[in-house]
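The values are calculated or read from the model by the stated rules, or taken from the named source; none is laboratory data. On a predicted model such as this, the values are computed, not experimentally measured, just so you know. Using ideal geometry, Cβ is built from the backbone for each residue, glycine included, and neighbour counts are taken over all protein chains shown. Each accessible area value is taken on the protein alone, full model and side chains, heavy atoms only, with ligands, DNA and RNA left out. Shrake-Rupley method; radii C 1.70, N 1.55, O 1.52, S 1.80 Å.
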Amino acid sequence: MMRKRVKLGVVALSAVFGATLAPAAAAAPATAQVDPRITIGTHNTLRGAADYNNFAGIIGWQEVKGQRSKDKLRRQLPDNYRHYFATGPNSAGSHQVPISWRNHRFEKLASGYQRTHPGEANVTPARFVTWVKLKLRGTNKKVIVVNTHLISGAWSKHPERRERWYTHMRKLRSKVRTLHANHPNARLFVVGDFNRRKALPMPSPLKYTPIKGVRGVRLDHMYAPTNVQHSLALQRPKWGSDHHAYKMRVRL
């Protein structure tokens with residue numbers, strides 16, 4: 001008897017409050033979250049002789065020599081990549097250190113370059129620092145990648161080149177400090193061919209990233225902030241170069 005009264009009570013209440021006791025409508029599906037994991041790479045392409053491989057989401061290239069190499073880079077990378085080739089005063093030669101990124105993942109917010117020292121015939125081309133500031137699409141997460149290539153031979157059989165190497169490093173560190181100050185909301189990384197087998201000090205919080213499974217320091221370096229989750233540098237194939245490519249995995 002009691003069970004029947006309870007059932008009737010529920011029916012009566014349903015009649016009065018209808019929608020209140022009806023099953024709730026299915027909630028709208030939550031917006032898919034953007035994957036915060038990205039990859040950053042660096043590759044010296046042996047004066048453009050190597051193949052341009054899409055091995056990372058953001059890539060700093062070195063030795064992209066001349067228009068033919070620029071065209072090859074654009075041709076060999078998928079259409080969803082965009083590229084930064086510096087233009088402006090004293091930019092001649094900066095095309096050797098461009099930066100590429102996957103456009104469907106990143107929106108370019110800013111970019112720039114600085115010549116670290118002029119070239120000299122039969123010694124060195126002009127040397128540069130290039131950089132891009134990117135936003136991970138669908139988020140407010142921002143990243144700056146700095147790319148560079150220092151003069152060769154300063155630490156081997158051409159010590160007369162050392163002052164150029166030191167000048168380049170001073171200007172690179174100064175640029176990193178300026179980018180930190182002007183873009184405090186962006187995570188900053190430095191990649192490139194440093195032509196020195198030694199981990200180098202960088203403005204805090206940047207620190208050299210060792211290469212997984214490789215003893216010692218190679219000529220190609222990657223520097224990452226210590227307050228960002230990232231992997232060791234991972235050695236990749238040469239793809240026709242005399243240098244391996246390297247990349248790291250990062251969680252923004």
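Over the chain, accessible surface divided per residue gives 53 Å², non-protein components excluded, 1.4 Å probe. For the range 85-166, the list of chymotrypsin sites (Phe, Trp or Tyr not before Pro) that fall in a loop by DSSP and count at most 16 other C-beta atoms within 10 angstrom is empty.
Out of all Cα-Cα pairs in the range 110-232, roughly what percent, to the nearest whole number, are more than 19 Å apart?
Working: 3708 of 7503 pairs.
Here the long-distance tail beyond 19 Å is 49 percent of all Cα pairs in the range 110-232.
Dimensions of the chain from C-alpha coordinates, computed as largest minus smallest value along each principal axis and given longest first, are 104, 36, 35 Å. Note on the range 158-216: Kirkwood hydrodynamic radius from all Cα pairs is 13.2 Å, rounded to one decimal. Peptides 231-237, 56-62, 76-82, ordered by how many other C-beta atoms sit within 10 Å of their residues on average, highest first, read 56-62, 231-237, 76-82. Where does the charge balance sit around K72 when Lys and Arg score +1, Asp and Glu -1, over other residues with C-beta under 14 Å from its C-beta? Around K72, the charge tally is +3. The slack in the chain from Q76 to N122, taken as 0.36 nm per residue of separation less the alpha-carbon distance, amounts to 13.5 nm. Residue pairs exceeding 24 angstrom between C-alpha atoms, taken from K70/K157; K135/K207; K133/K198: K70/K157; K133/K198. Shown here for the range 96-187: trypsin sites (Lys or Arg not before Pro) in loop regions (DSSP other than H, G, I, E, B) with at most 11 other Cβ atoms within 10 Å, namely K157. Here the range 55-81 and the range 100-165 have alpha carbon centers that stand 14 Å from each other.
Over the C-alpha trace of the range 193-240, radius of gyration and Dmax come out as 11.3, 35 angstrom. Rolling a 1.4 Å probe over the protein heavy atoms leaves V64 with an accessible area of roughly 0 Å². Between F55 and T178, full extension at 0.36 nm per residue minus the direct alpha carbon distance yields a gain of 41.3 nm.
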